[in-house]
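Comments concern the structure below.
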Amino acid sequence: MHLLSFCGTLSSTLLFALLATSHAAAQADAPADPPADAGQSIHINSIRNPELKSYRVMAAGLDAFDEYHALAPQAREVRFQLVASRGAPADAMQDLALRIAGNETSIALPLSADGSFVLPRSAKADSEDADLITNKKKGQYRWQASVHSDGVPANMRRLGDLRLQCQVTIAIAKKEIPFWVRTLVGTLLRTTDWCSARELKMGTRSEPAIASATLLDGGQRIALQVNNGGKSFLAPIGDTRHADDTLIELVYPDAAGAPPPSL
């Protein structure tokens, strides 16, 4: 999972490197095939070594959404999304399926066309330490969170939504990364609330690609950095000078590439 993209200071660059490295190490340390007593993975999937994520890890994101909901009170839910990684096969999203699988739990999770889904609360899945398991091989996908408030135009992002999205993302990350990384990051940022660090900016994915992103705060129009050929922009979520209701205007290269208007 690409967690956050940070820029602006040495500590933020190091933070991103630590998160990426520790996550890669955790993936490398995972067993290539499910152990013999993890029969649910074998029964649910015919794919050896499928892409999966711990239910308990992902549920930490649900807890964060509830805890920090005041950042985006008009957001009804957090959606999670499976996104094809760079270098994944062209058909990675084709016929992709996802379910929660435990010793006795089997819950199909419907995927939208963009690979997004809603994760339900399940005490049984938690008690069984179940997994979210796909029908595709591991290493082809990124898992990410998405928060959108009702009433925000399709060509806009609300800063409070992105702050809440960050809290969800970091809550999941803290469940996956080693203790020493959490300690080092806390020392670098001088806070346990990583999303509130003023110098940090969150890399926010945009689909379709954008030509520009501009933060609108009163009479101010602040151009934001756009990266990856328009596929992402950096949002100043830690800068408390901008209120949660501040909007970011996204401009698309042409009207045909823009998303449909909000209902």
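The values are calculated or read from the model by the stated rules, or taken from the named source; none is laboratory data. Quantities reported herein were computed from a predicted structural model and do not represent experimental measurements. Note that each Cβ is placed from the backbone with ideal geometry, even for glycine, and that neighbours are counted across all protein chains shown. Calculation scope for accessible area: heavy atoms of the full protein, side chains included, ligands and nucleic acids excluded. Shrake-Rupley method; radii C 1.70, N 1.55, O 1.52, S 1.80 Å.
Key figures for this structure:
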read-out: Residues (within 28 Å of Glu207 (Cβ to Cβ) and of a type in the set (Lys, Arg)) located in segment 88-135; value: Arg99, Arg121
read-out: Subset of segment 197-240 (residues that are among the basic types (Lys, Arg), surrounded by fewer than 19 Cβ atoms within 10 Å (Cβ to Cβ) and in contact with a Gly (Cβ under 9 Å, 6 or more places away or on another chain)); value: Arg198
read-out: Pairs, first within 13 Å of Gly160 (Cα to Cα) in segment 69-80, second assigned to a loop (DSSP other than H, G, I, E, B) and not hydrophobic (A, V, I, L, M, F, W, C), C-beta under 6 Å, six or more apart; value: Leu71/Asp244; Ala72/Ser149; Gln74/Ser149; Gln74/Asp150; Ala75/Ser149
read-out: Residue in segment 112-121 that is of a type in the set (Lys, Arg) and without any contact (Cβ under 8 Å) to a residue 40 or more places away in the chain present; value: no
read-out: Qualifying position, being in a loop (DSSP other than H, G, I, E, B), modelled with pLDDT of 90 or more and hydrophobic (A, V, I, L, M, F, W, C), among Ala209, Ala223, Ala213; value: Ala209
read-out: Answer from Gln81, Gln165 - the residue that is in contact with a strand residue (DSSP E or B) (Cβ under 6 Å, 6 or more places away or on another chain) and assigned to a helix (DSSP H, G or I); value: Gln165
read-out: Which listed residue is open to solvent by less than 70 Å² (accessible area, probe 1.4 Å), closer than 23 Å to Asp66 by Cβ, of a type outside the set (Phe, Trp, Tyr) and assigned to a helix (DSSP H, G or I), from Ala173, Ala243; value: Ala173
read-out: Scope segment 133-158; condition buried (at least 22 other Cβ atoms within 10 Å of the Cβ), closer than 26 Å to Ala72 by Cβ and either over 15 Å from the mean Cα position of the chain (by Cα) or among the acidic types (Asp, Glu) (or both); matching residues; value: Arg157, Arg158
read-out: Test set (1) assigned to a loop (DSSP other than H, G, I, E, B); (2) in contact with a helix residue (DSSP H, G or I) (Cβ under 9 Å, 6 or more places away or on another chain) - Asp114 fails condition number; value: (2)
read-out: Criterion (polar (S, T, N, Q) and within 15 Å of the chain's Cα centre (by Cα)) met by exactly one of Thr240, Thr204; value: Thr204
read-out: The lone exception for Ala92 - which of (1) farther than 26 Å from Ser212 by Cα; (2) crowded, with 16+ Cβ neighbours inside 10 Å; (3) modelled with pLDDT of 95 or more it fails; value: (3)
